Amino acid sequence: MAVSSRYRWVAVGSLNVRNRLNAAENAPDFQIADLIAALNDRIANQTNFRFYSNENRVMWCSHLVESDDFYELLLQTGDKDVSGFSFFHFENREFRDIDKEEDEGGHYSAHVLISKAADIEGRHPTLVEKVPGIFLGSVRDYFTWACHDPSYEKEAEGPDGKPRQYRAIFDIDGYRSRTIGDALAEGVLTDIEFVSIEEDFALGHDELPIVDEVVRQAKWKIGKKVTEEVAQGIFGKAKEFFADFSDDPTSSQTYVRIKTENGQVKRTEIDLDNAQMLEQSFIQNEVVSDFNEPLPARYATFHPELVAKVRELGAKI
């Protein structure tokens, strides 16, 4: 899969470093510093390659530095399951194919910036440059794997008086960003979608009930820029229209889509009964663009211009 040479999407997440949920009360705490120490140690000892998917995929952290506000990582990934590449010449309209060797794979790189400062909930804002194979979930899995080693575990006495080993656990959730009202101020209200999932009971053999899920959908296409006041009116009419759509309101969800100035379509679930629905938030995904040179699919080292742009995003969180 090719990536754009003009821009990159950046997923904004919230990183939590914790102990396992069933850990004893006196279990040791884990901090972001424990993750950084483990990654640095793996890089130094060249044990930083995580192979998975029957060893057809690999991810590794190749570089890690510390700035004033962020831990800055460069993640690499390889995927043997990708095909070769084909190119089309826009002038002479000829094709050029590049075959892939059996033991080769697509190679992509991504910058990951983790805020050194935690928020009030103890979570660290994290920005991930999105390329094939690297996203919030895969970064979490890599961190979990990196710390799953006796060298990075901590010991504490268990309830039975015997020593127990503990290792760091990681959660990375999407970071809640701009409100619906903020997005409406700059973007276009694309549509409102109503989805109902209901259970349909029928008698089967031996009079045992068979339960089928029935999915019903309806969509209002708007496709225009509206004010918050007009949007409130539209949501109100949507509530009336969808009132008889489902016999069970608890099985229904309503989604709104807003297209931003840079072409990104943001989608989030809304509660039509909530008078403050315009204050509900989207999961944050941002775009960085306007680079002096075309972006490559992989980086041999940190890309200074891209890192600077991602830092700017991080400063606004």
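Summary table below
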{"read-out": "Arg20 - accessible surface, heavy atoms, 1.4 Å probe, Å² rounded to 10", "value": "80"}
{"read-out": "Candidate lysines - alpha carbon under 20 Å from Lys162, same-chain residues fewer than 8 apart omitted", "value": "Lys154"}
{"read-out": "Segment 32-114: chymotrypsin sites (Phe, Trp or Tyr not before Pro) in DSSP coil with no more than 15 other Cβ atoms inside 10 Å", "value": "Phe90"}
{"read-out": "Segment 96-144: GluC sites (Glu not before Pro) falling in loop per DSSP and having at most 11 other Cβ within 10 Å", "value": "Glu101, Glu102, Glu121"}
{"read-out": "Calculated FRET value between Glu261 and Ala315, using beta carbons and R₀ = 25 Å, to 0.05", "value": "0.75"}
{"read-out": "Tensor-based shape of segment 9-140 (alpha-carbon gyration tensor, a/c under 1.5 rounded, otherwise prolate or oblate)", "value": "prolate"}
{"read-out": "Residues Asn285 and Ala156, FRET efficiency given R0 of 45 Å [Cβ-Cβ distance, rounded to 0.05]", "value": "0.70"}
{"read-out": "Loop-located trypsin sites (Lys or Arg not before Pro) in segment 76-153, at most 12 other Cβ atoms within 10 Å (DSSP)", "value": "Arg93"}
{"read-out": "Difference of contour (0.36 nm per residue) and Cα-Cα distance, Gln232 to Arg20", "value": "72.0 nm"}
{"read-out": "Listed residue pairs exceeding 32 Å between alpha carbons, taken from Lys80/Lys224; Lys237/Lys266; Lys219/Lys309; Lys80/Lys259", "value": "Lys80/Lys224; Lys219/Lys309; Lys80/Lys259"}
{"read-out": "Whichever lysines have a C-alpha closer than 16 Å to that of Lys116, once near sequence neighbours (fewer than 8 apart) are set aside", "value": "Lys316"}
{"read-out": "Distance from segment 116-195 to segment 60-97 (C-alpha centre basis), Å", "value": "23"}
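The values are calculated or read from the model by the stated rules, or taken from the named source; none is laboratory data. Everything numeric in this text was worked out from a predicted model, so none of it was measured. Heads up, the Cβs are rebuilt from the backbone with ideal geometry, glycines too, and the neighbour counts pull from every protein chain shown. Note: accessible area is taken over every heavy atom of the protein model, side chains too, but ligands, DNA and RNA are not part of it. Shrake-Rupley method; radii C 1.70, N 1.55, O 1.52, S 1.80 Å.
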